[in-house]
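Inspection log for the structure reproduced underneath, given as structure tokens.
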Amino acid sequence: MSSNKLLTIGFTRKSAEQFFSKLCKAGAERLLDVRLNNISQLAGFTKRDDLKYFLRTLLNIDYFHLLELAPSQEMLDRYKKQKGIDWAEYTARYLELLRERRVEETLDQALFQNACLLCSEDKPHHCHRRLAAEYLKSHWGNLQVIHL
């Protein structure tokens, strides 16, 4: 199987123009939302229904919400509120969650071809979207991960 491009992007610290331009220039065909909560007012232009509309209307990009790649609420709360979980522990727990969910077996690889994983974090360094992309690449082996 040939290598497929898997993009990742965060919306924080990006204007709508920057966000949609990056997706367009990168050639994304679908956006895979891996946020646990995608309807918060804090999401601005990336609230689920608004984002789905903008992607379809502006760029002809499909939208999917993949809760299989989202962290659990408990894990997210403990990390964000600094209650006993640092980044190393969060990483270990998140990767274990992906193993338990068997995402490499249950998710359709075709969905990830020229797709972009979305989360809120500006940079991928401390974001589960990077961990998810790397996890899938380690199991499927045919992904070129590109962080926008």
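Only one residue of 103, 16, 136 has its Cα farthest out toward the positive end of the dipole of the chain, where Lys and Arg carry +1 and Asp and Glu -1 on Cβ, and that residue is 16. The trypsin sites (Lys or Arg not before Pro) found in region 90-130 that occupy coil by DSSP, while having at most 14 further C-beta atoms within 10 Å, are 102.
Labels on offer are [x] 102; [y] 154; [z] 123, and the one holding volume of the Cα convex hull per residue in Å³ computed from this structure is [x].
Helical runs assigned H by DSSP (4 residues or longer) give the chain a calculated mean residue ellipticity at 222 nm of -11500 deg cm²/dmol, each run adding -39500 (n - 2.57) before division by the residue total. Structure note, pairs 5/47; 47/83; 14/83; 25/81; 52/80; 14/81: Cα-Cα distances above 31 angstrom occur for 25/81. Under the simplified labelling scheme, the residue 88-residue 146 pair shows an inter-label distance of 3.4 nm, with each label point 7 Å from Cα along Cα→Cβ.
For region 27-87, the set of trypsin sites (Lys or Arg not before Pro) satisfying both a DSSP loop assignment and a count of at most 11 other C-beta atoms within 10 Å is given as 81, 83. With only Lys, Arg, Asp and Glu charged, each at its Cβ (+1 for the first two, -1 for the last two), find how big the charge dipole of the chain is about the Cα centre; round to the nearest 20 debye. Computed about the Cα centre, the dipole is about 360 debye.
Bear in mind that the values in this text are calculations on the coordinates, not laboratory data. Since the structure is predicted, the reported quantities are computational estimates derived from the model, not experimental observations. All Cβ positions, glycine included, derive from the backbone under ideal geometry; neighbour counts span all protein chains shown.
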